[in-house]
Ligand code: UD1
Ligand code: CA
């Protein structure tokens, strides 16, 4: 039934959640477990666990199985873990999950870790609806134009849900049903515990289907309710690469919307790709064709792009300009600095008001390890300079165009030129003040 959720209800103190994440993801044709595929810098399992955390659910049990040693690294302390030894289907996975819930008396939310777009508002609404109607089980449903692949919701003449039929088991008449099972359910703990073992192996796939619990409950006249989300995008479950890409597109729009709402101008959102956990300050302007990867923080009033890539671990302070054909990785750039054209800044710390000339490069990798480049406030790195790390450029120092600065330190205020770069003079004014030159 379509119902309006009541937001004021207090509901989450006695909710537990079982996350189904043991599957291999055969249809992905991948060696990576399905729930470890990433969307904008975050794995599918992390999306689900983050949503549950934002919902405030205290007790979360994640069922893992396929390549569990890899999957467990992405779960951390956010959830208890239980291993499903044999992948015998979604009902079997739930059986493993409830082992960690013995004695639990509240509501048990069950969801799949392959649907990262589901919002906490929708989960909250499902729980509220289920509690209000005192249902033994409530199913989250959606009505979609192309329901292929999803379990279909069967209702009786009174409109009550009586069964879920999997795609493989549908008749021609059932195939056209557009109301689908999203794979999210809210159970009364006891109703789940009492009935999960009654599910029999499905005939076609020889698996225990969690969806069969609906018929098990229905045949005992237990109460089944449903909540239909009108957001048909959020329920997409990822089974194939195609669906992964579909979700990528939706996620990108969501991320861009969040960033824009935070006060950032994105000239052409269709060409900007920002990872999920990136933070960008207000009044920053992003030109077309910009890629910003995970764990990047950008300050206010910056100008970014066009054609810019900022890679993980970079911190860009306020009013920084990063221009076209620039790559930044694991670098901190303090306020009012400029890297305007054709430059590579890796494993670096740039002070304030630093100017990096066109084509300058920090040579951070010597074939074995990465090394740091430190550039002091007001330093001016001439066009085409190559700074071979580890290297430190003092405050207000200048490197001439095309200079090759090898290991070591350029003193504050020094001017170095040539290949390899040699100091030719030292500016007098830097002795008195560190304000140094103005950067154009
Ligand atoms: C499932 C539902 C289907 C629903 C769809 C929504 C069943 C039988 N079908 O189908 O009605 O429309 O989700 O997206 O439940 N898993 C385990 N252990 C297993 C098998 C699966 O943990 O033994 C996990 C998977 O990792 C996955 C989730 O359960 O996260 C769902 O499994 P999947 O194979 O993707 O089910 P669907 O065919 O999509
Ligand atoms: Ca699925």
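Summary of values
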| read-out | value |
| --- | --- |
| Cα-based helix-to-principal-axis angle, 241-261 vs the chain, degrees rounded to 10 | 60 degrees |
| Ranked by how many other beta carbons lie within 10 Å on average, peptides 229-237, 289-297, 152-160, 206-214 from highest | 206-214, 289-297, 229-237, 152-160 |
| Listed peptides 307-316, 404-413 by packing density, highest first (mean Cβ within 10 Å) | 307-316, 404-413 |
| Rh by Kirkwood over Cα pairs, then Stokes-Einstein D for the stretch 97-174 at 1.567 mPa s and 4 °C, µm²/s | 87 µm²/s |
| Average projected area [Cα convex hull, the stretch 34-75], square nanometres | 3.1 nm² |
| Packing-based ranking, highest mean first, of 255-261, 327-333, 166-172, 180-186 given that Cβ atoms within 10 Å are counted | 180-186, 327-333, 255-261, 166-172 |
| Distant alpha-carbon pairs in the stretch 77-116 (separation over 12 angstrom), percent | 67 percent |
| DSSP-defined antiparallel bridges as percent of all bridges, the chain, nearest 5 | 25 percent |
| Among 102, 130, 218, residue whose mean-square fluctuation peaks in a GNM of the chain (springs only between Cα atoms under 10 Å) | 102 |
| Helix axis angle, 44-55 relative to the chain longest principal axis, alpha carbon, degrees | 80 degrees |
| Longest to shortest principal axis, alpha-carbon extents of the stretch 163-240, angstrom | 33, 29, 25 |
| Rh (Kirkwood; distinct C-alpha pairs) - the stretch 15-235, Å | 17.4 Å |
| Between the stretch 65-93 and the stretch 218-250, the alpha-carbon center distance in angstrom | 21 Å |
| Between 0 and 90°, nearest 10: helix 120-132 axis offset from the chain longest Cα axis | 20 degrees |
| At q = 0.14, 0.16, 0.26, 0.33 Å⁻¹, base-10 log of I(q)/I(0) for the stretch 362-408 (Debye sum, equal scatterers on each alpha carbon) | -0.30, -0.38, -0.92, -1.23 |
| Whole-Å semi-axes of the ellipsoid equivalent to the stretch 104-258 (Cα gyration tensor, √5λ, descending) | 25, 19, 15 |
| Mean shadow area of the stretch 241-424, taken as a quarter of the surface of its Cα convex hull (nm²) | 10.2 nm² |
| Choice from 277, 366, 239 with maximal GNM fluctuation in the chain (Cα, 10 Å cutoff) | 366 |
| Debye log10 I(q)/I(0) at q = 0.13, 0.14 Å⁻¹ for the stretch 18-93, Cα point scatterers | -0.35, -0.41 |
| Relative pair counts by distance (%), Cα atoms of the stretch 313-355, 10 Å bins | 35, 63, 2 |
| Shape box of the chain [Cα atoms, principal axes, largest first, Å] | 91, 41, 41 |
| Inter-part distance where the stretch 352-366 and the stretch 143-193 are each reduced to a Cα centre, Å | 58 Å |
| In Å, descending, principal axis extents of the Cα set of the stretch 234-332 | 42, 25, 19 |
| Over the stretch 261-365, relative contact order from alpha-carbon pairs under 8 Å, at least 6 apart, % | 17 percent |
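Since every read-out is calculated from the coordinates, none of them should be taken as a lab result. Since we're looking at a predicted model, the values are computed, not measured. FYI the Cβ positions are ideal-geometry reconstructions off the backbone, even for glycines, and counts take in every protein chain you see.
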